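Peer 1: Sharing a structure with you now.
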Amino acid sequence: MTTRILLLTPPMTQLNTPYPATAYLKGFLRQHEEALSISVSQADPALELFTRLFSRRGLHQVIERLASGPATSGSVRHFMSHAKEYGATVDAVVRFLQGGDPSLALRIVGRAFLPEGPRFAALAANEHGGGDDDDVLGWAFGAMGLADRAKHLASLYIDDIADAIRDGVAPHFELSRYGERLASSAATFDALHHALEGPQTLVDTMLDDISRAMVVEYRPDIVGLTLPFPGNVYGGFRMARAIRAVSPATRIVIGGGYVNTELRELSDPRVFDYVDFITFDDGERPLLALVDHLRDPAAPLLRTMVRDGDKVVLRTDPSLHDVPLRDAGTPDYEGLPLDRYLSLLEMLNPMHRMWSDGRWNKLTIAHGCYWKKCSFCDVTLDYIARYDPASADVLVDRIEAIIAQTGHTGFHFVDEAAPPAGLRALATRLLERDVVITWWGNIRFEKTFTPELAALLARSGCVAISGGLEVASDRLLSRMNKGVTVAQVARVAHAFTEAGVMVHAYLMYGFPTETTQETIDALERVRQLFAAGCLQSAFWHRFAATVHSPIGLAPESFGIRLRPKPHTFARNEVPFDDPTGTDHDGLGEGLRKAIYNYMHGLGLDRDVRSWFGAGTRKGKRREFGVPASTVPRDLVARALMAAD
């Protein structure tokens, strides 16, 4: 008898392209369909939920719910006062964002077609004089960017609707973050359990209907739910609950990034009221073992949690080994409606746009990280620790197969850090085999990325790279064991920029022992990198200590004290005390505002202190609440000259 496997991505992850986990697993499992007598299907209920909710019929249901209660926010009041206009325009806007009806852009940019709610407020402020943020749309899209302007306006329209749904209908609903607050570092299962068993919202009802319909359509023996982020954990458990209610014989298994990082110390057996198995790390071999186990309970499992009475136990057989990347197969997108995904353009950050706009095929050059030394990273976990590259020919074969199946030539290489040697080999092979693609991915700012290599990668189709500059302080980069310096980052980033490749920097603040002075000095170095054209995009992240990182394992070595709390469900981020006493939260707003303006090409000649608080004026002298930078204002310029 054939075992039917259904792989699902619960709401919500991303709307512009399929999250790759199910395609990876389907590509691997289909190699074994005949030998193991299995059949594998996949679907995207996250996309199905969005298109059902954001439709004329779906908004009619939202309006009915909102009409029965008080207007709880400005978003709800605006939505209800323009309910007719939203109902009349939503199908057209969704179709436009899916790539259909491009002529609608003309009406959207005319600013009279769409009802404009609170999300449009920033644009209105800019039109009436917004200081450093003037003409945001002009900066972002230029005089000829009509389609992109329309896409941004349509995305703000979608966000306004989502805000009204969250505020008045389903308090846990957000685009790409459905119930995120219920799952983020949740020490207990209580909040999720309460929401799952409490009163249903309209969104819950829709998702339950979708889940039941998929059981009817696919009749699965096994359902695999990937939970990569906190924002789709509630949706995953919601689907599991609905599936179990109508098909008790169907076995339900969860895995994915959230599971791998957060649930390794799970001990609450209530979780298994909803699911039967939890697998950790790469899912290929654990799923094969699970199929055998369900046919023969004596067959061993690999890295799989189960409930045994009132206990949660991890079962794993050391004789079972993971699948090498070369044998993992080609990601298979069959069954996913590629023409129904939406390109959203919400944030005017060039790299964030890459993540949310356009259809990108996902592929991995190497499993794990070849460096795996950074003190803030989960280097003890398999997704970082086990480095396993694929050959260039294997990769190009997979690229050609994916293009033939999807018709799309855009690729996002989703490596933790793509290896320079692997990228060189891949670029060379793409050019030799005349395979034309457009690609981007994440790197370390290694000195190996010379101007010559950057130019080669650009010729092979590279349009953007991202990498970790983190704290932009040589002392702290050394403490992080990052293996780079600010000067080295400047030279590598400049090489890519000169080759025509956009460069995005991950930035971090709040690292243990980081002082206010170091934060201000880091911003000055970042300012210089933007001014020199080394960076075009960046984003500040607040440092978090995680239990699987060197910092989490030996906090005393980094001068901090962890404040762990009892946990029976999730555990990843851990609060800590830093004796330095820096007000990192107070500095965050200024850091973000500075980057926002730098990406607009604005404020690059301003004293970096001006981004922190209003300050006061005494004559011609301004007093600031933060210290002056101690960084020479030609630091980056000298680093680039040294490269010559």
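Peer 1: Looking only at region 163-187, how many residues end up being modelled with pLDDT under 95 and either part of a loop (DSSP other than H, G, I, E, B) or of a type in the set (Gly, Ala, Ser) (or both)?
Peer 2: Going through region 163-187 one residue at a time, the tally reaches 17.
Peer 1: State whether the residues of region 176-192 include one that is over 25 Å from the mean Cα position of the chain (by Cα) and surrounded by fewer than 19 Cβ atoms within 10 Å (Cβ to Cβ).
Peer 2: yes
Peer 1: Kindly list, by first and then second residue, each pair from a residue in region 558-569 that is outside the structural domain of LEU263 (by TED's automatic domain parsing) and β-branched (Val, Ile, Thr) to a residue that is surrounded by 12 or more Cβ atoms within 10 Å (Cβ to Cβ) and part of a strand (DSSP E or B), limited to pairs with Cβ atoms under 6 Å and residues at least 6 apart or on different chains.
Peer 2: Once the first residue is outside the structural domain of LEU263 (by TED's automatic domain parsing) and β-branched (Val, Ile, Thr) and sits in region 558-569, its partners that are surrounded by 12 or more Cβ atoms within 10 Å (Cβ to Cβ) and part of a strand (DSSP E or B) give ILE560/PHE576.
One line per residue, one yes/no per condition, for (1) without any contact (Cβ under 8 Å) to a residue 60 or more places away in the chain; (2) under 29 Å from LYS372 (Cβ atoms):
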{"residue": "ILE402", "(1), (2)": "no, yes"}
{"residue": "GLN405", "(1), (2)": "no, no"}
{"residue": "ASP434", "(1), (2)": "yes, no"}
{"residue": "ARG444", "(1), (2)": "no, yes"}
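Peer 1: Output the residues belonging to region 559-581 that are under 21 Å from PHE511 (Cβ atoms) and aromatic (Phe, Trp, Tyr).
Peer 2: Answer for region 559-581, where residues must be under 21 Å from PHE511 (Cβ atoms) and aromatic (Phe, Trp, Tyr): just PHE576.
Peer 1: Answer yes or no as to whether VAL503 is in contact with a helix residue (DSSP H, G or I) (Cβ under 9 Å, 6 or more places away or on another chain) and buried (at least 19 other Cβ atoms within 10 Å of the Cβ).
Peer 2: yes
Peer 1: Just one of PRO286, PRO300 is assigned to a loop (DSSP other than H, G, I, E, B) and not hydrophobic (A, V, I, L, M, F, W, C); which is it?
Peer 2: PRO300
Peer 1: Hey, can you tell me all the residues within region 185-223 that are under 30 Å from VAL574 (Cβ atoms) and in contact with a strand residue (DSSP E or B) (Cβ under 8 Å, 6 or more places away or on another chain)?
Peer 2: Matches in region 185-223: SER185 only.
Peer 1: A further question on this structure: Which ranges mark the helices (runs of 4 or more DSSP H) fully within region 9-83 that have 1 or more residues being assigned by TED's automatic domain parsing to the domain that holds ARG181 and surrounded by 18 or more Cβ atoms within 10 Å (Cβ to Cβ)?
Peer 2: Passing ranges, in order: 21-29, 45-53, 56-67, 74-81.
Peer 1: Do we find a residue being crowded, with 18+ Cβ neighbours inside 10 Å and touching a residue at least 12 places away in the same chain (Cβ under 8 Å) anywhere in region 292-299? Break it down into steps so the answer makes sense when it comes.
Peer 2: We begin by selecting, within region 292-299, every residue crowded, with 18+ Cβ neighbours inside 10 Å; these are 293.
Still in the running and touching a residue at least 12 places away in the same chain (Cβ under 8 Å): none.
Looking for residues that are crowded, with 18+ Cβ neighbours inside 10 Å and touching a residue at least 12 places away in the same chain (Cβ under 8 Å), one finds none in region 292-299, hence no.
Peer 1: Right, here's the next one. What's the number of the only condition in (1) assigned to a strand (DSSP E or B); (2) among the aliphatic types (A, V, I, L, M); (3) free of Cβ contacts under 8 Å to residues at least 24 places away in the same chain that LEU6 fails to meet?
Peer 2: (3)
Peer 1: Further question on the same structure: When region 358-383 is examined, which residues are found to be within 17 Å of the chain's Cα centre (by Cα) and crowded, with 21+ Cβ neighbours inside 10 Å? If you could, list the steps in order and put the result at the bottom.
Peer 2: As a first pass, look at region 358-383 and keep what is within 17 Å of the chain's Cα centre (by Cα): 358-364, 377-378, 383.
The answer is TRP360, ASN361, LEU363, THR364, CYS377, ASP378.
Peer 1: Name the one entry in ALA35, ALA71, ALA88 that is over 30 Å from ARG295 (Cβ atoms), free of Cβ contacts under 8 Å to residues at least 40 places away in the same chain and small (Gly, Ala, Ser).
Peer 2: ALA88
Peer 1: Please enumerate the residues belonging to region 23-39 that are of a type in the set (A, V, I, L, M, F, W, C) and more than 17 Å from LEU325 (Cβ to Cβ).
Peer 2: Listed by number, the residues that qualify are ALA35, LEU36, ILE38.
Peer 1: Another question, if that's okay. crowded, with 19+ Cβ neighbours inside 10 Å, assigned to a loop (DSSP other than H, G, I, E, B) and within 15 Å of the chain's Cα centre (by Cα): is that true of LEU344 in this structure?
Peer 2: Judged against the criteria, LEU344 is a match.
Peer 1: What pairs come out if I take residues in region 342-369 that are without any contact (Cβ under 8 Å) to a residue 60 or more places away in the chain and pair them with residues that are aromatic (Phe, Trp, Tyr) and assigned to a loop (DSSP other than H, G, I, E, B) whose C-beta lies under 7 Å away, six or more apart or interchain?
Peer 2: As it stands, the answer is ALA366/TYR387; GLY368/TYR387; CYS369/TYR387, since those pairs meet every condition given.
The values are calculated or read from the model by the stated rules, or taken from the named source; none is laboratory data. All of these numbers come straight from a predicted model, not from anything done at the bench. Positions of Cβ are backbone-derived with ideal geometry, glycine not excepted, and every protein chain shown enters the neighbour counts.
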